[in-house]
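The structure under discussion appears below in the form of structure tokens.
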Amino acid sequence: MTALSLTINGRAHGPVEVRDDLSMNDFLREVLGMTGTKFGCGAAQCLSCVVIIDEPGGTSYTNPTCVVPAINFNGKHIRTVEGHAQGGVLTPLQTAFIEHFSFQCGYCTAGFLNEGQVLLERLAAEPIPRADLEQTILEALDGHLCRCTGYVRYHQAVRDVILADAARYLQAEAGMTGGAAPAAKGDRR
Ligand code: FES
Ligand code: FES
């Protein structure tokens, strides 16, 4: 057993004694009852279970929770899907996922949402050329598996949020709308 303390969605948790082999996914879902973080493959392959880890320097990244012991998150600040909406108001990315019908069963959605949010924050800090946008989104969402709607609608939703605030996310020459949807993975709707 090890004492675990961490901050989740801005709220401090612990110290609480946890088994050393308790996964972070089980800690969130079974100990804290935060079931928004899903358990899919259990093998770090589908990324449905990722949460956001915020680093002290202001950068963030996503990390699977299914194969990682909870004690590895000791002292960290993380965000889960439950932390996105504030006061019942959805974020632009959450709204875009709904408007684009990006999900059906929703099992993969928390993972895509966390990944997309990290991308938005990265681009806000380091805007990119418009010409690089499609590839940047593809690379950011790469590895997230969806068995229902495919991937195009997630991609389109992320792109729409970026283009709707192009001055924030794209370099000066950007700001135009439009562009072809990616053809890497099929839209099954
Ligand atoms: S459940 Fe963690 S990567 Fe699939
Ligand atoms: S919406 Fe069902 S797995 Fe993606």
Applying the selection to the range 4-35, what residues are surrounded by fewer than 15 Cβ atoms within 10 Å (Cβ to Cβ) and touching a residue at least 40 places away in the same chain (Cβ under 8 Å)?
S5, G10, D20, D21
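Residue by residue, here is whether (1) at pLDDT below 50; (2) over 18 Å from A96 (Cα atoms); (3) touching a helix residue (DSSP H, G or I) at 6+ places or on another chain (Cβ under 7 Å); (4) not acidic (D, E) holds:
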| residue | (1), (2), (3), (4) |
| --- | --- |
| G143 | no, yes, no, yes |
| H155 | no, no, yes, yes |
| D165 | no, no, no, no |
| Y169 | no, no, yes, yes |
The listed residue being among the polar types (S, T, N, Q) and either buried (at least 20 other Cβ atoms within 10 Å of the Cβ) or within 16 Å of ligand 2 (Cβ to nearest atom) (or both), out of Q86, Q94:
Q94
Test E115 against the criterion of being of a type outside the set (S, T, N, Q) and either farther than 24 Å from Q45 by Cβ or exposed (fewer than 15 other Cβ atoms within 10 Å of the Cβ) (or both), and give yes or no.
no
Contact list please: Cβ distance under 7 Å, first residue in the range 97-118 and more than 15 Å from V50 (Cβ to Cβ) and modelled with pLDDT of 95 or more, second residue in a loop (DSSP other than H, G, I, E, B) and among the aromatic types (F, W, Y), pairs at least six apart or on different chains.
F97/F103
Name every residue in the range 26-40 that is within 13 Å of V81 (Cβ to Cβ) and not in a loop (DSSP other than H, G, I, E, B), in order of residue number.
L28, R29
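Each row is one residue, and each column tells you yes or no for (1) more than 16 Å from ligand 2 (Cβ to nearest atom); (2) more than 14 Å from the chain's Cα centre (by Cα).
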{"site": "S5", "(1), (2)": "yes, yes"}
{"site": "H13", "(1), (2)": "yes, yes"}
{"site": "M24", "(1), (2)": "yes, yes"}
{"site": "G40", "(1), (2)": "no, yes"}
{"site": "V50", "(1), (2)": "no, no"}
{"site": "P56", "(1), (2)": "yes, yes"}
{"site": "S60", "(1), (2)": "yes, no"}
{"site": "N63", "(1), (2)": "yes, no"}
Taking the criterion of being surrounded by fewer than 16 Cβ atoms within 10 Å (Cβ to Cβ) and either aromatic (F, W, Y) or away from ligand 2 (no atom under 16 Å from the Cβ) (or both), would at least one residue in the range 97-111 satisfy it?
yes
Evaluation of V81 against (1) under 14 Å from A110 (Cα atoms); (2) out of contact with any helix residue (DSSP H, G or I) (no Cβ under 8 Å at 6 or more places or on another chain) (one fails), failing number:
(2)
Take V51 and tell me if it is aliphatic (A, V, I, L, M), closer than 15 Å to E82 by Cα and either without any contact (Cβ under 8 Å) to a residue 24 or more places away in the chain or crowded, with 18+ Cβ neighbours inside 10 Å (or both).
yes
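Here's the yes/no breakdown for (1) within 16 Å of ligand 1 (Cβ to nearest atom); (2) in contact with a Ser or Thr (Cβ under 8 Å, 6 or more places away or on another chain):
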position: F39; (1), (2): yes, yes
position: A43; (1), (2): yes, no
position: N63; (1), (2): yes, no
position: V81; (1), (2): yes, yes
position: H84; (1), (2): no, yes
position: A96; (1), (2): no, yes
position: L113; (1), (2): yes, no
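The values are calculated or read from the model by the stated rules, or taken from the named source; none is laboratory data. Remember, predicted model here, so these are calculated numbers, not experimental data. Note: ideal-geometry Cβ built from the backbone for every residue, glycine included; neighbour counts use all protein chains shown.
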